[in-house]
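The values are calculated or read from the model by the stated rules, or taken from the named source; none is laboratory data. All figures in this text were calculated on a predicted structure; none of them were measured in a lab. Backbone-built Cβ (ideal geometry, glycine too); neighbour counts: all protein chains shown. What goes into the accessible areas is simple: the full protein's heavy atoms, side chains included, and nothing from ligands, DNA or RNA. Shrake-Rupley method; radii C 1.70, N 1.55, O 1.52, S 1.80 Å.
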Amino acid sequence: LGPVRQNSENDHSPLKLFTHAKTTITGIFKNIASYVNDSNKYLDEVSKSDRNLIADDKHKNIQQLKDKVNRILSVISRDHMKVVFFGRTSNGKSTTVNAMLRERILPVGMGHTTNCFLQIEGTDKAEPYVLTPGSDEPKSVTSLGNVGSALSREKLDSDSLVKILWPKEKCRLIRDDVVLVDSPGIDVSANLDQWIEDHCLDADVFVLVVSAEATITVAEKKFLHNVAQRLSNPNIFILMNRWDATAYEPDEVESVKQQHLDRGLEFLCDELHLCDRKEASEHRMFFISAREALLSRNKDPTASPRTGFNEGYKERLDEFTKFEHEFEECISKTAVQTKFQQHTNRGKEIIALLRDTTANIANKSQTLKQELVQNLTQMDEKNNLLEHELRSMTESAKEKIRHISEDVYKRVAQTLND
Ligand code: GTP
Ligand code: MG
């Protein structure tokens, strides 16, 4: 996947697998585009030659490849990795997303806060803006309060999707083409199937945010069962959030953790059959505090005081970092496979079509050449034969004339003698 620069923290991110693959495949398709261009110039000349070397429909197919390749290039430029966060109201979904973005971008709060789907994606512009359903008009947001109020002004139902375009330069995840989708509490929507249909089918990863003070609910399980029916082998992470609450009950930490692990692994491994227990316990379930993670990362020191960490927070911060690493590895691998495999196959088909067409023309012109050489040889042979016949005809004519003239001479002489 090309040379990897070693210096900055950014370069070590597993997400680079995706971004390098994207750069590489873009380069490959640019080469294909110039190959298509050259081939078209050549075929235009060939079709002008009036020798029937290429059928009109084949020629048209190749002419259309230029647009196809440009379309693929534009799809690749928009390809991204997508993660959907879901779970019960107030479990900390929006706080988790903010912690991963290292800034309080999404509104968070007690009670039912997020009232529709919020998709955070990158923009090359310097200022963030919001796009609401049914309108192409960007609404500017300069601060967190603005995101909240831009949303509260709208009458949105829980199925609708609001896009928050966040400057790529402000956030590493977004710069590296990750699109994050926050959802309303799973318990406030009646139509989970519609959610999956509208927002989840192209997701590479699902993150279930559970409150460690409660447990995985029936609604959350049902949602994931439906996801697993629609998508084969979905990538699911379970975050046991609010783990900071255990600081108040230190004696029970291990037993509560074991209880959560047992239930989570039973669900992922025995019910959904997604992976084995070892893999799930090491790579798919994490005990975190999104609140502490956000507190420790939030770049704006006025946004919230750097206090409020509970006993044992360092371990929870490490666990959050570990989750992010596993998540980045998983999402980039999956997205490379699902997105770029199709492009690779398409690229191979285009090259094969061009190769077969030019080889076909080369074969046909070779046959034409052979026929020409054969015709020339036959004409040559005929010429020789004719020449030979002509020569012998001339010889016999000469002989005849000699005979006749001798005869005439004899007769004249005889007549004269008489
Ligand atoms: P909805 O959008 O309403 O579905 O909720 P949500 O899941 O997005 O929850 P949100 O992030 O808004 O958090 C709800 C409340 O829980 C907020 O007051 C957060 O500060 C708090 N909270 C989130 N994560 C944690 C955590 O790890 N520990 C503690 N103690 N509080 C948390
Ligand atoms: Mg929320």
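Among Gly111, Val97, Ile25, which residue has its Cα positioned farthest towards the positive end of the charge dipole of region 22-124, with +1 placed on the Cβ of Lys and Arg, -1 on the Cβ of Asp and Glu, and the dipole taken about the Cα centre? Of the options given, the answer is Gly111.
Look at the dipole of the chain built from charges on Cβ: of Tyr35, Ser255, Val130, the Cα furthest out on the positive end belongs to Tyr35.
How much length would be gained if the chain were fully extended between Met110 and Asn233, taking 0.36 nm per residue of separation minus their Cα-Cα distance, in nm to one decimal? Extra length available between Met110 and Asn233 comes to 40.9 nm. Compute the long axis of helix 16-48 from its Cα atoms, compare it with the longest principal axis of the Cα atoms of the chain, and write down the angle in degrees, 0 to 90, nearest 10. Relative to the chain, helix 16-48 is tipped by roughly 20 degrees. Coupling constants for region 172-179 follow from the phi torsions by the Karplus curve (6.51 cos²θ - 1.76 cosθ + 1.60, θ = phi - 60°), and in residue order they are 4, 4, 6, 4, 8, 6, 8, 10 Hz; glycine and proline get x.
Output the 0 to 90 degree angle, nearest 10, between the alpha-carbon long axis of helix 253-265 and the longest principal axis computed from the alpha carbons of the chain. Rounded to the nearest ten degrees, it is 40. Per residue, the accessible area of region 266-364 comes to 53 Å² when a 1.4 Å probe rolls over the protein heavy atoms. The convex hull built on the alpha-carbon positions of region 195-236 has an orientation-averaged projected area of 3.0 nm². The alpha carbon centroids of region 104-136 and region 33-87 are separated by 37 Å. To the nearest 20 Debye, how big is the dipole of the chain about its Cα centre, given +1 on the beta carbon of each Lys and Arg and -1 on that of each Asp and Glu? The calculation lands at about 1220 debye.
For region 12-121, trypsin sites (Lys or Arg not before Pro) are listed when DSSP marks them as loop and at most 14 other Cβ atoms sit within 10 Å of their Cβ; the list is Arg51.
Close amide H partners of Gly122, meaning residues 5 or more places away or on another chain with modelled amide H under 5 Å apart, are Trp166.
Ignoring the sites themselves, the chain has its longest run without GluC sites (Glu not before Pro) in a DSSP loop having at most 13 other Cβ atoms within 10 Å at 1-212. Rolling a 1.4 Å probe over the protein heavy atoms gives region 163-238 an accessible area of 37 Å² per residue.
Under the convention that each Lys and Arg Cβ holds +1 and each Asp and Glu Cβ holds -1, the size of the dipole of region 1-134 around its Cα centre is about 280 debye.
The radius of gyration of the Cα set in region 190-280, together with its Dmax, comes out at 14.3, 44 angstrom. In this structure the amide hydrogen of Leu272, modeled in the peptide plane, comes within under 5 Å of no amide hydrogen from residues 5 or more places off or on another chain.
Would you work out what percent of the accessible area of the chain, with all protein chains in place, is carbon or sulfur (probe 1.4 Å)? Percent of accessible area from carbon and sulfur atoms in the chain: 50. Note on the chain: the C-alpha convex hull projects to 35.0 nm² when averaged across all orientations. Using only the alpha-carbon atoms, how far is helix 218-230 inclined from the longest principal axis of the chain? Give it as 0 to 90 degrees, nearest 10. Approximately 0 degrees, to the nearest ten. Backbone phi angles across region 63-75, fed through the Karplus curve with coefficients 6.51, -1.76 and 1.60 (θ = phi - 60°), yield HN-Hα couplings of 4, 6, 4, 4, 5, 4, 5, 5, 5, 4, 4, 6, 5 Hz in residue order; Gly and Pro are listed as x. For the residues Ser405, Ser189, Ser211, a GNM of the chain with alpha-carbon springs under 10 Å puts the largest fluctuation on Ser405.
When you work out D = kT/(6 pi eta Rh) for region 60-121 at 25 °C and 0.890 mPa s, using the Kirkwood radius from C-alpha pairs as Rh and the Stokes-Einstein form, the result is 166 µm²/s.
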